[in-house]
1. What nm distance separates the two modelled labels at GLU48 and VAL118, each placed 7 Å from Cα along Cα→Cβ?
2. Give me the one-decimal nm value for the distance between modelled label points at ASN39 and ALA93, 7 Å along each residue's Cα-to-Cβ direction.
3. Order PHE111, PHE26, PHE37 by their accessible area, 1.4 angstrom probe, all chains in place, largest first.
4. Order ARG25, ARG119, ARG125, ARG73, most accessible first, counting only protein heavy atoms with a 1.4 angstrom probe.
5. Multiply the residue gap between GLN27 and ARG125 by 0.36 nm, knock off their C-alpha separation, and tell me the result in nm, one decimal place.
Amino acid sequence: MKYGRLSEGQLVRVKSALIKRQKKRFQILPCEIHAIFGNNGYIWLSEEEPRKELEEPGKNTKTPKTSLAGRRRISRLRNSILILNEMSMTIHAQTIMDVYTTSEQAGLSEFEVLRQNVREQLLERVRNRRNH
């Protein structure tokens, strides 16, 4: 692979038209999660950078495991991305982090943000926060 092995992460599929075109596809988000934004609608989230394959092909290499806290951050990011996708809002690092931090400040678990009534309230808070 050109960019290394993708492991111990989460792949999220969204509408490709919603992903903001950027020069930098590889980003480290403020919550210390690495994100790769593909213009094809795929977003890869992981706790560590994809590593280049230096070992011999076919050789069993150990990959570091993602911590519980890392999996929770990835889950919250994934759910934030799905909310933006469902509401047809532009998806890039800033909008994802707006939803992520607003859900944290509201005291919501990473799974509660997917509830319909919570989703709408959450996006309303994000819009209000961006307007002020």
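1. Here the modelled spin labels are 3.1 nm apart.
2. Between ASN39 and ALA93, the simple spin-label model gives 1.9 nm.
3. Heavy-atom accessible area, descending, gives PHE111, PHE26, PHE37.
4. These residues rank, largest area first, as ARG125, ARG25, ARG73, ARG119.
5. 32.8 nm
The values are calculated or read from the model by the stated rules, or taken from the named source; none is laboratory data. Quantities reported herein were computed from a predicted structural model and do not represent experimental measurements. Glycine gets a Cβ as well: all are built from the backbone with ideal geometry, and neighbour counts include every protein chain shown. Areas reflect the complete protein model, heavy atoms only, side chains present, ligands, DNA and RNA absent. Shrake-Rupley method; radii C 1.70, N 1.55, O 1.52, S 1.80 Å.
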